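So the structure is just underneath, and the comments pick up after that.
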Amino acid sequence: MTVIYLMIASLLVPNVVSPSAQDTERQNHQVHGVLKNGNQCVCKVHFADWEFPVERFMELQDLSQNCSNSLQERSSEIILIESEIQGLLEELQNETARLSQFDAMQKKKLYHPLNFWPLRWELKQLRSEIAKVQKVPSPNTKALQKISSELDDSYLNVLTLQQYDKQNLLNMKDLLKKMKNRLESSSVYGKLKIGNCTGGILRNVSRPLIAQINPYGSSYPYGAWGMDSMSGSPELYWVVALMSSNIYGNSIRTYSSYKNFLMLNSHVDFTVRSSYTTPNSIQGPGVVVYNRSLYYNCYKSGEMCKFDLITKDIIHVNLPNAGHSNKFPYCYYNCYGYTDMDFSVDENGIWVIYATEENYGNIVLSKINSNTLAVLQTWKTKLFKKAATNAFMVCGVLYATRYVSESEEEIFYMFDTITNQEAKNLNIRLVKYSPNVASLHYNPVDRKLYLFNDAYMIAYNILFS
């Protein structure tokens, strides 16, 4: 209980002793006054029942107001921080999308972080190659001198990058690729005949000439299509769609003319069956039609199959040591299931593209007899099959592609079976409609490329130097 002693002058005594009636009525049980020394009134006031701490209340009121202002400021800061976080998340998502292809390649052990030492070594090796080429008289002397000068500048740039600017390493790597491509064009391709056709090396691919959904619809993203690749055969367009889990198929649809194909009229369906006890269904999209016969990888095996559209007969022959059943598919950015065995046709006949353990998963190329499927000759390349999205033959030369973006593919590699010459920096771009490349092959009759691209059927003209 708080006790306050009030010392009030005698002049004020009447006011203190005689409070108003209203105050007296409200406080009669709280205030008790006693006269002392004649002119002083001493009162004991008990505030326990009615005291209201005004100053304390005002302090708390000020504190509450300050707290409210602080909370409002905090709320504004939180909203600002949330907006900044959202912006950072969007930037992170953009960076994640840009790096996703490299992440996928890293997981498949197809990509290794770049460093400066291998790049410097590559530059030194390239300088050495230029020096050797310059010793031989050539009509491309000025071009080689220019490349040599650029290479010297690049070497100095790499030394600078190593100390100051590692962020631009990929740009330097890309520049090196382009210079290597130009060097190969000036030194090797300028002196040697490529393949066994008069056209020379493949230099470019046109924009899509034909583009339409396959006749089975967009729900069948894996398959192949094209025209009979045998010169002199009646015109025949064909489509194979993998109906079971995007892996297997057992039918082929044909059209007797280009007009019927475009209009999707008057087709004939063939069911791939035989009297053999071994299943002979189609496995994977790497199929072609040559001289009224369908060539493909037999169901769940390392065998090649040939289905004759006229007689309906099927023959099957083992392809020695070939990986199958998704052991060595095309991969790169995304793996294309059951593309272990890929058939291709060019001016020389029919080929099969595959990989073996003996060749460490690198592409093996075999020329086969179109009647018996016997292997006539085999070449081993140094291109890892899972580092490509597809491959095809033109004039005895193997070309391979890789993923660039959802709308672009790059023909980056070639292997010449005549000279055993390899090149890895062709940089020929191919426009596509969707990311996945199920099948890509060349037809020597009309000299076009045929692509089956996520249910789209696309055709291109190719240009030679």
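Every number in this text was worked out from the coordinates using simple rules, so none of it is lab data. None of the values given here were measured: they were computed from a predicted structure. Cβ coordinates were reconstructed from backbone atoms using ideal geometry, including for glycine residues, and neighbour counts include every protein chain displayed.
With each label point set 7 Å from Cα along the Cα-Cβ vector, what nm distance links Thr311 and Glu55?
Reported label-point gap for Thr311 and Glu55 is 11.8 nm.
Counting other Cβ atoms within 10 Å, which trypsin sites (Lys or Arg not before Pro) in segment 301-369 have at most 15 and lie in a DSSP loop? Let's see the in-between values first.
Values: sites: Lys306, Lys312, Lys327, Lys367; in loops: Lys312, Lys327.
Here the sparse-neighbourhood loop sites are Lys312.
Can you give me the distance in nm between label points at Lys300 and Ser218, each placed 7 Å from the Cα along the Cα-to-Cβ direction?
Here the modelled spin labels are 3.4 nm apart.
What is the order of Cys305, Cys395, fewest Cβ neighbours within 10 Å to most? Before the final figure, lay out each step's value.
Values: Cys305 27, Cys395 22.
By the 10 Å Cβ count, ascending: Cys395, Cys305.
Distance check, please: which entries in Lys306/Lys432; Lys312/Lys385; Lys367/Lys424; Lys312/Lys380; Lys259/Lys448 exceed 28 angstrom between their Cα atoms? Numbers along the way, then the final one.
Numbers: Lys306/Lys432 30 Å; Lys312/Lys385 33 Å; Lys367/Lys424 22 Å; Lys312/Lys380 34 Å; Lys259/Lys448 17 Å.
Over 28 Å apart, Cα to Cα: Lys306/Lys432; Lys312/Lys385; Lys312/Lys380.
Most exposed first by the Cβ proxy, i.e. fewest other Cβ within 10 Å, how do Cys298, Cys197 rank? Walk me through the intermediate numbers first.
On the way: Cys298 23, Cys197 18.
Taking fewest neighbouring Cβ atoms as first place, the list is Cys197, Cys298.
Considering only the other residues whose Cβ falls under 14 Å of the Cβ of Ala241, what net charge follows from Lys and Arg at +1 and Asp and Glu at -1? Numbers along the way, then the final one.
Details: positive: Arg253; negative: Asp269, Asp454.
That sum, taken over residues with Cβ under 14 Å, equals -1.
For Gln72 and Ser257 in the same chain, what is the full-extension length gain: residue separation times 0.36 nm, less their Cα-Cα distance, in nm? Walk me through the numbers on the way to the answer.
Values: separation 185, 0.36 × 185 = 66.60 nm, distance 7.57 nm.
Gain on extension, Gln72 to Ser257, equals 59.0 nm.
Using label points projected 7 Å from each Cα along Cα→Cβ, tell me how many nm separate Ser64 and Asn196, to one decimal.
9.8 nm
What does the extension gain come out to for Ser407 and Arg273, with contour length at 0.36 nm per residue minus their alpha carbon separation? Provide the component values of the computation, followed by the final result.
On the way: separation 134, 0.36 × 134 = 48.24 nm, distance 3.73 nm.
Length difference between fully extended and current span is 44.5 nm.
With a sphere of radius 14 Å drawn around the Cβ of Ser434, what net charge do the other residues whose Cβ falls strictly inside it have (Lys, Arg +1; Asp, Glu -1)? Write out the running numbers ahead of the final one.
On the way: positive: Lys432; negative: Glu406, Glu408, Glu409, Asp454.
Counting the neighbours of Ser434, the net charge comes to -3.
I'd like the chymotrypsin sites (Phe, Trp or Tyr not before Pro) in segment 355-431 restricted to DSSP loop residues with at most 13 other Cβ atoms within 10 Å, sorted by number. Numbers along the way, then the final one.
Values: sites: Tyr360, Trp379, Phe384, Phe392, Tyr399, Tyr403, Phe412, Tyr413, Phe415; in loops: Tyr360.
Those satisfying the criteria are Tyr360.
Just add up the charged neighbours of Asn461: K/R +1, D/E -1, any other residue whose Cβ is under 13 Å from the Cβ of Asn461. Provide the component values of the computation, followed by the final result.
Numbers: positive: Arg203, Arg207, Arg447, Lys448; negative: Asp446.
Residues close to Asn461 contribute a combined charge of +3.
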